[in-house]
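Every read-out reported here was derived from the displayed coordinates using simple, explicitly stated rules and does not represent laboratory data. A quick note: this is a predicted structure, and the numbers were derived from the prediction, not measured. Note: ideal-geometry Cβ built from the backbone for every residue, glycine included; neighbour counts use all protein chains shown.
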Amino acid sequence: MTERQIQILAAIIEQYAEVAVPVGSVMLAKLFNVSSATIRSEMAKLEELSLITQPHTSAGRIPTDKGYRFYVNAINEEQVNSVPQLDRSARAIEARVNTHINHADRAIRSAVDSLVELTQNLGIATIGDELYMNGIGNLFSQPEFMQGDATQAVARLLDNLEPWLREAAPNEPLNVYIGSENQIGKSSGATLIISRFRSPYSDNSYIGVIGPTRQSYGKVMRLVRHAGAMLEEVL
C-alpha cells in the first residue's frame, strides 16, 4: 500500500466512526485536495485488497474487518512506542478510581462506569468470579444494533462473554477483537477492546468495552489501556 492509500483508509475509518454513513469520494477529494477520480481510483485499489467495501451501488465505502485490523495494528504500535498522554478523559478515570483505592471492587466498577461515559460503549470488568457490566443502553442505541438479527447476535455475545473470556484468556495489556475475529458472535459486527491487569482477585483480571466495529479506535484503545494500567498500579 502507498502512503496515500493508508491515509485514505484511515480517513474512511475515522469519518465513518463519526457519521455512521458510507464515506464518498467527494468528501475525501476535498480532504486530500485531489480530484474525485483520483480518490475513486485509490478506493478501487483498497477494495481489491479487501480493506473497504461498498455496501450498495452508488454508496460510499465503509471499512471491512480486515481494514479495521490494519488500522488498529498501526494505532497499537504507535501507542506502545509513545509516551502515554494523560488528557482530560484519562484524568477523569483516575479521579474517579482514586476515591475508592481502599475498595478494589468499587475502584474497578468506577473505572468501568467512567469508560462507559467516555466512550459511549458497553463497559465490562471481571471482579473475582463476577462479570460487572454497565452501559447496555449505549450498545443497543447504536444504529448497527437496532435491527433484529444484529441485536440477537450481540445478545449471544454478551450471554457467552464470561466463559469466552476464561477460554480465550487475552494475554496482552491490550487486546482488540474486531467483528468476525470474536470467537462468539462472529456475525454481530461488534468489537471487544479489553485490557488485562493484576488485581487482588486475580493475575488475569479484565476491563474493557464492547461496541460496534465503527469505533474511534485511537481514543478508546488509549482509555482502556490506561484504565487497566491504572487499576493494576493502585490495586
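List of remarks:
- Packing-based exposure ordering (other Cβ within 10 Å, fewest first) of Val220, Val80: Val80, Val220
- Computed on the range 3-63, the Cα convex hull volume stands at 73 Å³ per residue.
- Here's the list of lysines a cross-link from Lys45 could span, going by alpha-carbon distance under 24 Å and ignoring same-chain residues fewer than 8 apart: Lys30, Lys66.
- Sequence-distant aspartates and glutamates (8 or more away, or on other chains) whose Cα lies within less than 19 Å of Lys219: Glu14, Glu18, Asp65, Glu77, Glu78, Asp87, Glu94, Asp113, Glu117, Glu172
- Efficiency of FRET from Cβ geometry, Val26 and Val234, R₀ 45 Å, rounded to 0.05: 0.40
- For the range 62-69, 3J(HN,Hα) computed residue by residue from phi via the Karplus equation (6.51, -1.76, 1.60; θ = phi - 60°) reads 10, x, 9, 4, 5, x, 4, 4 Hz, glycine and proline entered as x.
- Backbone amide hydrogens, once placed in the peptide plane, bring Thr191 within less than 5 Å of Gly179, Gly211, Thr213, excluding anything fewer than 5 places away on its chain.
- Inter-label distance, nm, simple model (7 Å from Cα along the C-beta direction), Ile184/Ile136: 1.5
- Listed values for the range 189-196 are Karplus-derived 3J(HN,Hα) couplings in whole Hz (6.51 cos²θ - 1.76 cosθ + 1.60, θ = phi - 60°), namely x, 10, 10, 10, 10, 9, 10, 8, and x replaces Gly and Pro.
- In nm, spacing of pseudo-spin labels at Ala59 and Gln79 (7 Å Cα→C-beta vector): 2.8
- Whole-Hz couplings from phi, Karplus 6.51/-1.76/1.60, listed for the range 162-172; x for Gly and Pro: 5, x, 5, 4, 5, 6, 6, 6, x, 10, 9
- Estimated from helices alone, the mean residue ellipticity of the chain at 222 nm is -16500 deg cm²/dmol (sum of -39500 (n - 2.57) over DSSP H runs with n ≥ 4, per residue).
- The calculated Kirkwood hydrodynamic radius for the range 88-234 is 15.0 Å, given to one decimal from all distinct C-alpha pairs.
- Residues in the range 197-225 that a label on Asn171 would reach, taking backbone N under 14 Å of a point 7 Å out along Cα→Cβ: 204
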